[in-house]
1. How do the peptides 262-275, 373-386 rank, highest first, by the average count of neighbouring beta carbon atoms within 10 Å per residue?
2. Would you work out the Kirkwood radius for the stretch 187-298? I mean one over the mean of 1/r across all pairs of different Cα atoms, in Å.
3. Once the piece of chain linking residue 377 and residue 124 is laid out straight, how much longer is it, given 0.36 nm per residue of separation minus the C-alpha distance between them?
4. Between residue 178 and residue 161, what is the spin-label point distance in nm, taking each point 7 Å from the Cα along the Cα→C-beta axis?
5. Can you give me the Cα centroid spacing of the stretch 69-143 and the stretch 377-408 in angstrom?
Amino acid sequence: NLSEKLDKAFHILKGHGKITEINVADTLKEVRRALLDADVNFKIAKEFTNTVKEKAIGQDVLTTLQPGQLLVKLVKDELTELMGGDVAGINLSGNPTVILMSGLQGSGKTTFSGKLANHLKTKRNKKPLLVACDVYRPAAINQLHVVGDQIGVEVYSELGNNNPVEIALNAVKYAKEKGYNVVIVDTAGRLAVDEEMMTEIANVHKALNPQETLFVVDSMTGQDAVNTAKAFNDRLNFDGVILTKLDGDTRGGAALTIKSVVNKPIKFVGTGEKMEAIDVFYPNRMAERILGMGDVVSLVERAQEQFNEEEARKLQKKIAKNEFGFDDFLSQIQQVKKMGNMKDLVGMIPGASKAMKDVEIEDDAFKHIEAIIYSMTPAERSRPAIIDMKRKTRIAKGAGRRIEEVNQLMKQFDQMSKMMKMMQGPGGKNLMKMMGG
Ligand code: GDP
Ligand code: MG
């Protein structure tokens, strides 16, 4: 994976007591190889390392105290630049705002339409309408209705009409009548670029004249993603790119190359199948993530969203009064689970992805822990101190787990309680505040 390879590249520098021009060059050669392995286009990878080299020479990397760190920073800045530099917003100026989705079949258009509707509804206070213009497969229309039901957004579709231009125009009219201020149009895609699909999407585009035309692409398709982006951009001159499936084992090449090939910003990323798995694309955070620095800011933001303030205050009181028990532990676990996939979360913690790379993280890593807690009596949960060997044996049996696992949980719980008490002390206030307390 790209992060690991880059890390290895910098290792060349870190390993040497004395930094020379030669090992800076070696490092950059490794960086270039890592980029190529991640499916970054050859020309871009070459330009990239040349730019970093020039800047390194310009800033006299060799004479600074920490040349390794400075070089990492130069690479990070350059990666950020490559991915568009600043955050690209979404244009919501229309009345209603029309957002058109384009992209190949399976890229994630329908899923992303739902995610975007949900995002605009919950975060931007908009009233979105979803429109089903994938008229070839009845299942596709149905899929959008399922998505709409999930997020409580109305879906406009016309059974029996297979003219997407007509449906789209009718939907905009309908939106005006009903007071919807955003219209998100989901369209049909083919498995590969072909003339029929291009003509159809171009016609819908022309008829709608949307504020935002978004090109949705599966980030796992690597170099193909870039070629497809080019083909769609030539026809539609779209406004932004949506990178989906960034939660998968993507090599990162698409994110790094697309911007420089079509010169359009990446606006959002999809990071999972759930409706909440959408993130605004921050080039600098993505660069940090690629470099293995972890996306701490995203993690904190997600934590802030999920941790209910009221809950946090109650918890703080309990900790202060030494009343923190397994029931609270359980509800903490449930909060963490709401934050998303464990693998995603671990990936965001600096250093953790490396440390955990050999550890198999189950999607529901907490299942066993929950089972053990559920097999405790209320008294045991609120006063864990009473749990002796006999009780442990009973709990383990009830949960269908080994006694070692119960011991391990007790130990973790103990550490967590201690840590929480510490957070109560001076200097710990900020951490609680961060979690929404
Ligand atoms: P469409 O043909 O372009 O409309 O693609 P869909 O929205 O139907 O998505 C195709 C498949 O990819 C579905 O199984 C989705 O659940 C899945 N999918 C979409 N976005 C993501 C994502 O960000 N992460 C993951 N893991 N799966 C996704
Ligand atoms: Mg679809």
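1. Per-residue mean Cβ counts within 10 Å order the peptides as 262-275, 373-386.
2. For the stretch 187-298, inverting the mean 1/r across all distinct Cα pairs yields 14.8 Å.
3. Difference between extended and current length: 86.7 nm.
4. In this crude label model, residue 178 to residue 161 measures out at 1.3 nm.
5. With the stretch 69-143 and the stretch 377-408 each reduced to a Cα centre, they are spaced 47 Å.
None of the figures in this text is laboratory data; all of them are computed from the coordinates on show. Predicted model, so just to flag it, every value in this text is computed and none were measured. In this analysis, Cβ positions are derived from the backbone assuming ideal geometry, glycine residues included, and neighbour counts consider all displayed protein chains.
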